[in-house]
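Scroll down for the structure; my scribbles are underneath it.
The values are calculated or read from the model by the stated rules, or taken from the named source; none is laboratory data. Remember, predicted model here, so these are calculated numbers, not experimental data. Neighbour counts are summed over all protein chains in view; Cβ atoms, including those assigned to glycine, are modelled from backbone coordinates with ideal geometry. Just so you know, the surface numbers come from the protein's heavy atoms only, side chains and all, with ligands and any DNA or RNA stripped out. Shrake-Rupley method; radii C 1.70, N 1.55, O 1.52, S 1.80 Å.
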Amino acid sequence: MEEVSGTMMGAEASVSDAEYLGRRAVEKVRPTKGYRLPELDAHLRSARTRNEARILHEAPQAGIRTPCVYDLDMDRCSIVLEKVEGTVVKNHLRDHPDRASEVCVKIGNAVARLHSAGICHGDLTTSNMILTSDGEICLIDMSMGKTRAELEDIGIDLRLLERAFSSAHVDLPDAFEDLMTEYYANVGNPKAVAKKLEDIRNRGRYT
Ligand SMILES: Nc1ncnc2c1ncn2[C@@H]1O[C@H](COP(=O)(O)OP(=O)(O)OP(=O)(O)O)[C@@H](O)[C@H]1O
Ligand SMILES: [Mg+2]
């Protein structure tokens, strides 16, 4: 992710500050990607935009903090979201390793609630979470998420998170353990999830 004059350029989308009816907002636009076949590009941009809006709308009904969706423009593949005040969790963990355990317990709790509601995130990394100024975990960037997630989707979410910790936060293994302890204490089917995660790890090892 790099910042180009106030606009955050991610892999797929550009996110910039905006205003919506006097409220602080961000606009996330999925521009055309010239390297993709035009039909495929149009399909991916609109499917991901629509899916993101849908999941951001459904997750709060399960008690998960996500940005409020203010507006959707399917012609431009753009979505206007509440601007969540806070710090991206990846940066917070890097800057305040002494508070990592406290934050990780909150992450474990939020992810357990998400999964217990049958929703998977699809790109569960510490870049896609904001620690709000109120100390809550807010999940963002849910365009690859699914409602009615299968155990496999949930296992993949956890494997992604585990990999994020082993690459971006190698110095925080204890905090990650606290995250998983909180997760398993709160998720609906901890034994089945643990087994699935182990299967996915083994698959990665031998293929
Ligand atoms: N609702 C929001 N409130 C505040 N900041 C946000 C919000 N949505 C996105 N951001 C900021 O913009 C960045 C990119 O947003 P997002 O992750 O949704 O897009 P992306 O294109 O997938 O980027 P990435 O390369 O991180 O995957 C976030 O890491 C965050 O810093
Ligand atoms: Mg992101």
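Quick one: accessible surface of T132, probe radius 1.4 Å, all protein chains present, in square angstrom to the nearest 10.
Number for this one is 10 Å².
How do E52, E136 rank by accessible surface area computed with a 1.4 Å probe, from largest to smallest? Working shown, then result.
On the way: E52 0, E136 85 Å².
Sorted descending by solvent-accessible area, the residues read E136, E52.
Given a 1.4 Å probe and the protein chains all in place, what does the accessible area of S167 round to, in Å² to the nearest 10?
Ignoring ligands and nucleic acids, S167 comes out at about 90 Å².
Taking K90 as the anchor, which lysines have their alpha carbon closer than 25 Å to its alpha carbon, excluding any fewer than eight residues away along the same chain?
K28, K106, K146
Just in the range 138-168: which GluC sites (Glu not before Pro) are loop by DSSP and have at most 15 other Cβ atoms within 10 Å? Mind dumping the intermediate values first?
Numbers: sites: E150, E152, E162; in loops: E150.
For GluC sites (Glu not before Pro) across the range 138-168 that sit outside H, G, I, E and B with at most 15 neighbouring Cβ atoms in 10 Å, the list reads E150.
Pairing the Cα long axis of helix 173-186 with the longest principal axis of the chain, what angle in degrees results, from 0 to 90 and rounded to the nearest 10?
Here the helix axis deviates by roughly 90 degrees.
So which trypsin sites (Lys or Arg not before Pro) in the range 126-182 are both in a DSSP loop and have at most 16 other Cβ atoms within 10 Å of their Cβ?
Values: sites: K146, R148, R159, R163; in loops: R148.
Passing both the DSSP loop test and the Cβ count: R148.
Heavy-atom accessible area per residue, the chain, 1.4 Å probe: how many Å²? Each step should come with its number before you reach the end.
On the way: 11000 Å² over 207 residues.
That works out to 53 Å² for each residue.
Among S16, L37, T126, which residue has its Cα furthest toward the positive end of the charge dipole of the chain, with +1 on Lys/Arg Cβ and -1 on Asp/Glu Cβ?
L37
Using the alpha-carbon atoms, what tilt in degrees (0 to 90, nearest 10) does helix 151-168 show relative to the longest principal axis of the chain?
Helix 151-168 and the main axis of the chain meet at about 90 degrees.
Where Rh is the Kirkwood radius over the Cα pairs of the range 86-206, the temperature 4 °C and the viscosity 1.567 mPa s, what D in µm²/s does Stokes-Einstein return?
Values: Rh = 14.3 Å.
It comes out at roughly 91 µm²/s.
Compute the convex hull volume of the Cα atoms of the range 54-127, divide it by the residue count, and report the result per residue in Å³ as a whole number.
Numbers: hull volume 7.8 nm³, N = 74.
Given the Cα convex hull of the range 54-127, per-residue volume reads 105 Å³.
Would you mind working out the magnitude of the charge dipole of the range 2-82 relative to its Cα centre, with +1 at each Lys and Arg C-beta and -1 at each Asp and Glu C-beta, to the nearest 20 Debye?
Values: 12 positive and 14 negative charges, 45 e Å.
The calculation lands at about 220 debye.
Using the Kirkwood formula on the Cα atoms of the range 2-82, what hydrodynamic radius do you get, in angstrom to one decimal?
On the way: mean 1/r = 0.0745 Å⁻¹.
Radius from the Kirkwood sum: 13.4 Å.
Quick one: order D41, D134 from most to least accessible surface, probe 1.4 Å. Write out the running numbers ahead of the final one.
Numbers: D41 5, D134 130 Å².
Ranked from most to least accessible, the order is D134, D41.
Of the heavy-atom accessible surface of the range 86-206 (probe 1.4 angstrom), what whole percent is carbon and sulfur?
Working: 2880 of 5860 Å².
Of the solvent-accessible surface of the range 86-206, carbon and sulfur hold 49 percent.
Mean-square fluctuation check for the chain, GNM, Cα pairs under 10 Å: which of H92, H169, H43 is largest?
Most flexible of the set in this elastic network: H43.
Please compute the alpha carbon radius of gyration of the chain, then divide it by the globular-protein estimate 2.2 N^0.38 Å. Two decimals is fine. Let's see the in-between values first.
On the way: Rg = 17.2 Å, N = 207, 2.2 N^0.38 = 16.7 Å.
Cα Rg divided by the expected 2.2 N^0.38 Å: 1.03.
Would you rank F176, F165 by solvent-accessible area, highest first, keeping every protein chain in place and using a 1.4 Å probe?
Details: F176 30, F165 10 Å².
If we order F176, F165 from most to least accessible, we get F176, F165.
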